[in-house]
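One structure below.
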Amino acid sequence: MYCQQQFKEYYEEIKISDEKAGLREKRTILLEALSAGLSEEVPTWTHFNQGSYAMGTGVMPLDGNYDIDVGIVFDMDSTEYTALEIKKEVFFALNKGNRSVEIKYPCVRVNYMKGSEVDFHVDLAIYCKEDNDYYIAKGKTNSDEDKILWEDSAPKELIDWVYERFSGDDRKQFLRVISYLKRWRDLKLGHSNLPSIALTVFAGEYFVPNHDVFNDNKPRDLLALKDLAEMMKNKLDWGMFDIHLPVSPFTSLVAKLTELQKENLQDKLECLISVLNEAQSETDTHKACKKLAKQFGDEFPVPEAEAAKSNTPRSVTVTGSSA
């Protein structure tokens with residue numbers, strides 16, 4: 001069974017959207033607060049969406065703490081402010097009300113609180129732009145001086161790279177498969193050393209669309225996902241698993257992944273591939289989806305068993321005259 005209908009229902013359940021999370025409204029409120037809070041001496045700025053939300057690969061967080069990524073581009077060159085100085089300007093502009101703000105090394109994080117718990121957070125990546133080149137502000141309050149810097153970056157090129165890998169139905173399947181893999185990672189790995197962007201870039205390099213050319217070109221997400229998982233396991237088996245940004249600064253995206261974590265990833269992928277094979281060979285959709293739900297969580301739909309359907313009492317219509 002390919003369980004294509006169930007995979008599509010699963011995707012609709014786990015994907016992030018403005019409607020589900022109210023992201024557009026939350027982002028707008030924050031940007032208005034930033035505009036009002038910055039002093040007049042600070043250079044003008046523009047913004048753009050980045051990260052998984054901009055790429056269309058975002059999945060609903062298991063803990064409910066939404067992560068929204070926004071790029072803030074100041075109209076200045078890198079000599080006007082140090083990377084930490086401009087981050088502090090953003091920090092003081094936003095650190096008020098029901099927001100809790102912290103300067104992280106790659107961004108300024110704004111936590112919105114609900115009582116004592118974080119309801120959602122926004123990561124503001126701070127850039128300056130010189131000619132057509134972007135530089136991202138790196139550093140935090142206790143960073144060594146040589147770690148506070150403006151680093152070459154190409155955030156919009158990365159978004160374009162992902163968007164341009166495929167088109168039409170192939171792109172739709174590409175984005176769905178990335179989302180399945182990200183949710184599987186969240187459920188099975190239990191650490192953050194295999195970041196979402198690493199999975200997205202890996203898919204961009206190795207994903208192969210899969211549609212049934214003999215059956216109206218229907219998508220086969222299960223087969224496309226299995227092929228991608230097999231490629232990742234093969235790279236790990238061969239000791240060739242290293243994913244780099246395809247744009248500047250071309251850094252490794254899995255540099256923090258330990259050897260033990262790589263071995264664990266191999267084992268988890270082997271299990272995933274085995275379950276995908278079992279589901280494909282299964283002739284009963286209910287049984288196939290039960291197997292898949294063990295990998296993808298309770299949100300993966302499991303249709304009613306055929307046996308249960310056949311045992312459902314039928315309504316009886318009585319005809320004829322009464323005695």
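The values are calculated or read from the model by the stated rules, or taken from the named source; none is laboratory data. The structure displayed is predicted, hence computed values, not measured ones. All Cβ positions, even for glycine, are placed from backbone atoms using ideal geometry, and neighbour counts span all protein chains on display. With ligands, DNA and RNA removed, areas are computed over all heavy atoms of the protein, side chains included. Shrake-Rupley method; radii C 1.70, N 1.55, O 1.52, S 1.80 Å.
Scan the range 64-73 and tell me whether some residue there is in contact with a Pro (Cβ under 6 Å, 6 or more places away or on another chain), open to solvent by less than 10 Å² (accessible area, probe 1.4 Å) and assigned to a strand (DSSP E or B).
Quick first cut of the range 64-73, residues in contact with a Pro (Cβ under 6 Å, 6 or more places away or on another chain) only: 71.
The next check asks that each one be open to solvent by less than 10 Å² (accessible area, probe 1.4 Å); those that pass are 71.
Narrowing the set further to residues that are assigned to a strand (DSSP E or B) leaves 71.
Scanning the range 64-73, I find at least one residue that is in contact with a Pro (Cβ under 6 Å, 6 or more places away or on another chain), open to solvent by less than 10 Å² (accessible area, probe 1.4 Å) and assigned to a strand (DSSP E or B), so the answer is yes.
Would you point out which residue out of Met76, Met55, Met60 is within 17 Å of the chain's Cα centre (by Cα) and closer than 22 Å to Tyr127 by Cα?
Values: Met76 fails: within 17 Å of the chain's Cα centre (by Cα); Met60 fails: closer than 22 Å to Tyr127 by Cα.
From the options Met76, Met55, Met60, the qualifying one is Met55.
Tell me, which residue of the range 279-294 that is in contact with a Phe, Trp or Tyr (Cβ under 8 Å, 6 or more places away or on another chain) and surrounded by fewer than 19 Cβ atoms within 10 Å (Cβ to Cβ) is nearest to Arg220 (Cα to Cα)? Break it down into steps so the answer makes sense when it comes.
First pass over the range 279-294, keeping only residues in contact with a Phe, Trp or Tyr (Cβ under 8 Å, 6 or more places away or on another chain): 280, 289, 292-293.
In the following step, the residues that additionally are surrounded by fewer than 19 Cβ atoms within 10 Å (Cβ to Cβ) were identified as 280, 293.
Values: Gln280: 10, Ala293: 17 Å.
Filtering first and then ranking leaves Gln280.
This table checks each residue for (1) under 24 Å from Ala54 (Cα atoms); (2) in contact (Cβ under 8 Å) with a residue 40 or more places away in the chain; (3) over 23 Å from the mean Cα position of the chain (by Cα); (4) outside any strand (DSSP E or B).
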position: His121; (1), (2), (3), (4): yes, yes, no, no
position: Tyr135; (1), (2), (3), (4): yes, yes, yes, no
position: Lys156; (1), (2), (3), (4): yes, yes, no, yes
position: Phe166; (1), (2), (3), (4): yes, yes, no, yes
position: Asp169; (1), (2), (3), (4): yes, yes, no, yes
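Can you name the condition, by its number, that Ser78 falls short on among (1) small (Gly, Ala, Ser); (2) over 28 Å from Lys182 (Cβ atoms); (3) open to solvent by less than 10 Å² (accessible area, probe 1.4 Å)?
It is condition (3) that Ser78 fails.
For Leu34, work out the one condition from (1) over 30 Å from Leu187 (Cα atoms); (2) open to solvent by 60 Å² or more (accessible area, probe 1.4 Å) it doesn't fulfil.
(2)
Considering each residue of the range 228-278, count those that are touching a strand residue (DSSP E or B) at 6+ places or on another chain (Cβ under 6 Å) and without any contact (Cβ under 8 Å) to a residue 12 or more places away in the chain, and give that number.
Number of matching residues: 2.
So Phe214 clears everything in (1) open to solvent by 70 Å² or more (accessible area, probe 1.4 Å); (2) assigned to a helix (DSSP H, G or I) except one condition, right? Which one?
(2)
Of all residues in the range 100-119 being in a loop (DSSP other than H, G, I, E, B) and within 18 Å of Gly71 (Cβ to Cβ), which is least open to solvent (accessible area, probe 1.4 Å)? Steps first, answer last, please.
Going residue by residue through the range 100-119, those that are in a loop (DSSP other than H, G, I, E, B) are 104-107, 115-116.
With the extra rule that they be within 18 Å of Gly71 (Cβ to Cβ), the set shrinks to 104-107.
Working: Lys104: 70, Tyr105: 76, Pro106: 63, Cys107: 12 Å².
Result: Cys107.
With the structure loaded, tell me whether Glu89 is of a type in the set (Asp, Glu), surrounded by fewer than 15 Cβ atoms within 10 Å (Cβ to Cβ), under 18 Å from Glu102 (Cβ atoms) and modelled with pLDDT of 90 or more or whether it fails that test. Even if it seems obvious, please write down each step before you answer.
Working: of a type in the set (Asp, Glu): yes; surrounded by fewer than 15 Cβ atoms within 10 Å (Cβ to Cβ): no; under 18 Å from Glu102 (Cβ atoms): yes; modelled with pLDDT of 90 or more: yes.
No, not satisfied.
If you take the residues of the range 41-51 that are at pLDDT 90 or above and not β-branched (Val, Ile, Thr), which of them is nearest to Ser153 (Cα to Cα)? Before the answer, list the steps.
Initial filter on the range 41-51 (at pLDDT 90 or above): 41-50.
From what's left, not β-branched (Val, Ile, Thr): 41, 43, 45, 47-50.
On the way: Glu41: 25, Pro43: 20, Trp45: 17, His47: 15, Phe48: 14, Asn49: 15, Gln50: 13 Å.
So, considering only residues that are at pLDDT 90 or above and not β-branched (Val, Ile, Thr), the one nearest to Ser153 (Cα to Cα) is Gln50.
Taking only pairs six or more apart or across chains, which ones have beta-carbon atoms under 7 Å, a first residue in the range 27-53 that is under 15 Å from Ile68 (Cα atoms), and a second residue that is assigned to a loop (DSSP other than H, G, I, E, B) and at pLDDT below 95?
Ser52/Gly58; Tyr53/Ile16
For the range 237-323, please list each of the helices (runs of 4 or more DSSP H) lying entirely inside it that holds at least 1 residues being at pLDDT below 95 and out of contact with any helix residue (DSSP H, G or I) (no Cβ under 7 Å at 6 or more places or on another chain).
Details: elements: 259-281, 285-296, 306-310.
Filter on the range 237-323 gives 306-310.
Within the range 9-25, is even one residue in contact (Cβ under 8 Å) with a residue 60 or more places away in the chain, within 30 Å of Glu130 (Cβ to Cβ) and open to solvent by less than 30 Å² (accessible area, probe 1.4 Å)? Spell out how you get there, then give the answer.
Keep residues of the range 9-25 that are in contact (Cβ under 8 Å) with a residue 60 or more places away in the chain, which gives 9-11, 13-15, 21.
Retained after the next criterion (residues that are within 30 Å of Glu130 (Cβ to Cβ)): none.
Looking through the range 9-25, none of the residues is in contact (Cβ under 8 Å) with a residue 60 or more places away in the chain, within 30 Å of Glu130 (Cβ to Cβ) and open to solvent by less than 30 Å² (accessible area, probe 1.4 Å).
Condition first: under 12 Å from Gln295 (Cβ atoms), open to solvent by 20 Å² or more (accessible area, probe 1.4 Å) and out of contact with any Ser or Thr (no Cβ under 8 Å at 6 or more places or on another chain). Can you find one or more residues in the range 242-264 that meet it? Reasoning before the result, please.
Restricting attention to the range 242-264, the residues satisfying the condition of being under 12 Å from Gln295 (Cβ atoms) are none.
Looking for residues that are under 12 Å from Gln295 (Cβ atoms), open to solvent by 20 Å² or more (accessible area, probe 1.4 Å) and out of contact with any Ser or Thr (no Cβ under 8 Å at 6 or more places or on another chain), one finds none in the range 242-264, hence no.
Mind telling me which of the residues Ile72, Ile16, Ile103, Ile68 ends up being touching a Ser or Thr at 6+ places or on another chain (Cβ under 9 Å), among the β-branched types (Val, Ile, Thr) and within 23 Å of Leu181 (Cα to Cα)? Before you say what the answer is, go through the steps one by one.
Working: Ile72 fails: within 23 Å of Leu181 (Cα to Cα); Ile103 fails: within 23 Å of Leu181 (Cα to Cα); Ile68 fails: touching a Ser or Thr at 6+ places or on another chain (Cβ under 9 Å).
Of the residues listed, the single one that is touching a Ser or Thr at 6+ places or on another chain (Cβ under 9 Å), among the β-branched types (Val, Ile, Thr) and within 23 Å of Leu181 (Cα to Cα) is Ile16.
Give me a count of the residues in the range 137-154 that are among the acidic types (Asp, Glu) and either open to solvent by less than 50 Å² (accessible area, probe 1.4 Å) or touching a residue at least 40 places away in the same chain (Cβ under 8 Å) (or both). Even if it seems obvious, please write down each step before you answer.
If we filter the range 137-154 for residues that are among the acidic types (Asp, Glu), which is where we start, we get 144-146, 151-152.
Narrowing the set further to residues that are either open to solvent by less than 50 Å² (accessible area, probe 1.4 Å) or touching a residue at least 40 places away in the same chain (Cβ under 8 Å) (or both) leaves 151-152.
Of the residues in that region, 2 qualify.
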